[in-house]
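Scroll down for the structure; my scribbles are underneath it.
The values are calculated or read from the model by the stated rules, or taken from the named source; none is laboratory data. Bear in mind that the values here come from a model prediction, so they are computed numbers and not experimental data. Neighbour counts are summed over all protein chains in view; Cβ atoms, including those assigned to glycine, are modelled from backbone coordinates with ideal geometry. Just the protein is used for accessible areas: all its heavy atoms, side chains included, with ligands, DNA and RNA removed. Shrake-Rupley method; radii C 1.70, N 1.55, O 1.52, S 1.80 Å.
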Amino acid sequence: MAYLLLGSNLGDRKAILATAVAELGRQAGPVTAQSGLYETAAWGLEEQPAFLNQAVQLKTELAPLDLLAACQQVEQQAGRERLVRWGARTLDVDILLYDNLIVNLPQLQVPHPRLPERRFALVPLAEIAAQVVHPGLANTIADLLTSCPDTLAVQLFKG
């Protein structure tokens, strides 16, 4: 199983995430669980629109780098432009976890290296994978959320 985080803060965020979930299911493997949508102020570069974030569980046969390529393809289909790090974007897809693998390559790090410090990722992930163990830290996602130093508000989206 792979766990992904989807985020959008440009355009029709809800529709973009729904399309991304469908495309990921088509290109990478069946989506077997998905969290609700959560709205969060931007992290990193705060002077931009709020994000909608959603975690998904994916049953994939793709190798990690092939999954990354599929995620980037879905981002491109949504009009993603990589102009500024942590800048506004139509779609961002991050691989948070992939089974119990630890991948440390220049183009891909799994588990996502900043997962333990980002509430906007941990809150939706905990909704669908609270008892999954982070392979590098040996803590559950629920435990990581409890000890997360990030105080940024993460609200269930009501739109």
Check: So which residues in the stretch 113-135 are surrounded by fewer than 17 Cβ atoms within 10 Å (Cβ to Cβ) and either modelled with pLDDT under 95 or out of contact with any helix residue (DSSP H, G or I) (no Cβ under 6 Å at 6 or more places or on another chain) (or both), if there are any at all?
Finding: P113, R114, E117, Q131, V133, P135
Check: What pairs can you find where one residue is in the stretch 139-159 and on the phi < 0 side of the Ramachandran plot, the other is among the basic types (K, R) and open to solvent by less than 30 Å² (accessible area, probe 1.4 Å), and their Cβ atoms are less than 6 Å apart, with a gap of 6+ or different chains?
Finding: D150/R118
Margin query: Out of everything in the stretch 8-44 that is hydroxyl-bearing (S, T, Y) and in contact with a helix residue (DSSP H, G or I) (Cβ under 7 Å, 6 or more places away or on another chain), what residue ends up being modelled with the lowest pLDDT?
Written below: T40
Next item on the list: Please find, within the stretch 33-77, the residue that is farthest from Q155 (Cα to Cα) out of those that are hydroxyl-bearing (S, T, Y) and more than 12 Å from the chain's Cα centre (by Cα).
Entry: T60
Item checked: Candidate set from the stretch 140-151 (those that are surrounded by 14 or more Cβ atoms within 10 Å (Cβ to Cβ) and either touching a strand residue (DSSP E or B) at 6+ places or on another chain (Cβ under 7 Å) or at pLDDT below 95 (or both)); member that is farthest from N100 (Cα to Cα) -> D150
Check: Of E61, E47, which residue is open to solvent by 30 Å² or more (accessible area, probe 1.4 Å), charged (D, E, K, R), outside any strand (DSSP E or B) and modelled with pLDDT under 95?
Finding: E47
